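Enquirer: Attaching a single structure in structure tokens format; questions to follow.
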Amino acid sequence: MNTDTVRPAVTELRLSAFKTHRGVTLPLTRLTLLSGESGSGKSSALQAYEILARLGSGEPLARAVGEVAGSPAACVPAGARPDEQGRRGFRIGCTVDGPAGPVSLDLAVQAEPELRIVGERLTGGGETLLTTALTDPNRPTVQAAWHTAGATPVTRAPLPDDRLGTSLLPLRVAGKTEGQRLVLAAAEQVVVALRSAFVCDPRPEVMRGVGTGGTGGAGQDGGCGADGAGGAGRGAGARRSGRGAGSGGGPGKPGGAGGAAGAWGARKRMGSGGGEAGSWGRDAEGARGEGRLRSSCDNLPAVLERTSQECARRHAVLVAAVREACAGPVEGLRAVPRQAGGTGHGAADAAGVAGPAGSSAPQAGAVGVRAVLDRGALGELPVEQLGDGELRFLALALVLLTGPEVLAMDPVGEVPSAHQQMTVMADGMDRCMDPRQARELVSLALRMTDRGHVRLLGTVRDPSVAEGLPGVQVLHLRV
């Protein structure tokens, strides 16, 4: 099985029965934008992808669903009636292309009365490579059967019903027969593609340090007033009695799933979901040492300090992109020390923290860093004083110009970087932006995705921002 796709990537998302979607198949290219009226299911499509990505990263089902959708019941299609046992659920899946050829993964998830994966199917190369089925509702397991093609054509064993079976196969299959090696190649291809996802939701109110902590802030649509329900109440997902969130499986084997404390767990620990007090100035030493951008982009100054020093060429591209998107002159963008007692707002604070021209070295009394735009004769402007659209543009542009090693995600270290392809998921990509800014961002995304190391799946309210840009696929969803 060979294709022209060297780097594993999700090329199709199936929403068989998920929220507002029934029997929907979305082909995904390097740059796919979803458009449609409010309620057409743009955000839901990204949520389904994120659930798959979290499961592929080793997260338990309750966390994967609860962190994304608010509750398992919210994923069930409207009007779905329970069966005689009171069971309702949803069905999602994807196809991953890569060195092993097209591989399909499909899941049936029971949301009520108890959350569990009741069916999973992995197919590739004309073979059914893995199937699972719930055989005893009283046990927290499913009966799994995977392709062997040896003296025993199929191997059967129980697997936990709150984990993605495909992600567990690299830990269970020895790879001694041709059939087992086929199973391993397909499973590892799917897991690598799903692990390579980064959900980016820059939130201006959090980036400015307005957040006051708590349980997830205002949800995905933040303070910009975009359409759609967003993802309010992340982290409120149901937990199964006796299991809780649990920790991830053991250390990932080559191409395996890794533990739940990997990319998504790390992102949760670092507070990607919502308000954190004093984001721009808090925990200065930790922020300086971290240098990995969180989903909400609240630690952008610390990451800018790192990236500007590591790659001057890409930083220059970032500055050029910001110059096109921002009102007024932009001659530079850098991180400068923040002084103790700074308010985090206002030009006076900026003037008090800036060191010598062009310097980002820590100054006496500095507590962390802040990002500033060099306006030339107009002086420096702290980026937190930018408009919401400008802030979101800056954050998304930084994500597109970096890679897994700079983002708070699992970099799939056991796979050579030349064989990796990161997928950025941006719900409300044009949120808060005017058409000029949105088009510039799409143009930047197109240039970066053409290089083959990054893919983008985003939602937009105005599909015209992609008109005339070859290589951008716009899928119009209907209510």
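Throughout, read-outs are computed from the coordinates displayed, never taken from laboratory work. None of these values were measured; they are calculated from a predicted model. Note: ideal-geometry Cβ built from the backbone for every residue, glycine included; neighbour counts use all protein chains shown.
Enquirer: For the residue pair residue 436 and residue 324, what label-to-label distance in nm results when each label sits 7 Å from Cα along the Cα-to-beta-carbon direction?
Expert: Label at residue 436, label at residue 324, 1.3 nm between them.
Enquirer: Does the stretch 1-145 come out rounded, prolate or oblate by the C-alpha gyration tensor, with a ≥ b ≥ c the root eigenvalues, rounded set by a/c under 1.5 and, if not, prolate when a/b is larger than b/c and oblate if not?
Expert: Cα axes put the stretch 1-145 in the oblate bin.
Enquirer: Next up: What's the extension gain from residue 172 to residue 112 if we count 0.36 nm per residue and subtract their Cα-Cα distance?
Expert: Roughly 18.7 nm would be gained on extension.
Enquirer: Quick one: order 380, 324 by neighbouring beta-carbon count within 10 Å, fewest to most.
Expert: So the residues, fewest neighbours to most, are 324, 380.
Enquirer: At residue 71 and residue 25, where each label point lies 7 Å from the Cα along Cα→Cβ, what is the point-to-point distance in nanometres?
Expert: 3.4 nm
Enquirer: Another question, then. How would you rank 292, 436, going from fewest to most other Cβ atoms within 10 Å of each one's own Cβ?
Expert: The most exposed by this proxy come first: 436, 292.
Enquirer: Quick check on the exposure proxy: order 476, 21 from fewest to most C-beta atoms within 10 angstrom.
Expert: With the fewest neighbours first, 476, 21 line up as 476, 21.
Enquirer: Contour minus end-to-end for residue 312 and residue 447, with contour as 0.36 nm per residue of separation and end-to-end as the Cα-Cα distance?
Expert: Separation in residues times 0.36 nm, less the Cα-Cα distance, equals 46.8 nm.
Enquirer: Please give the direction-averaged projected area of the C-alpha convex hull for the stretch 35-101, in square nanometres with one decimal.
Expert: For the stretch 35-101, averaging the hull's shadow over all directions gives 6.6 nm².
Enquirer: Label-point separation (nm) for residue 156 and residue 84, each offset 7 Å from Cα along Cα-to-Cβ?
Expert: Label at residue 156, label at residue 84, 2.5 nm between them.
Enquirer: Related question: Please give the contour-minus-distance gain from residue 135 to residue 37: 0.36 nm per residue of separation, less the Cα-Cα distance, rounded to one decimal in nm.
Expert: Using 0.36 nm per residue and subtracting the Cα-Cα distance, I get 31.1 nm.
Enquirer: Which whole-Hz couplings ³J(HN,Hα) result when phi for each residue of the stretch 23-36 is put into the Karplus expression 6.51 cos²θ - 1.76 cosθ + 1.60, θ = phi - 60°, listed in order with x for Gly and Pro?
Expert: Per residue, the Karplus-derived 3J(HN,Hα) values read x, 9, 10, 10, x, 10, 9, 4, 9, 10, 10, 9, 10, x Hz.
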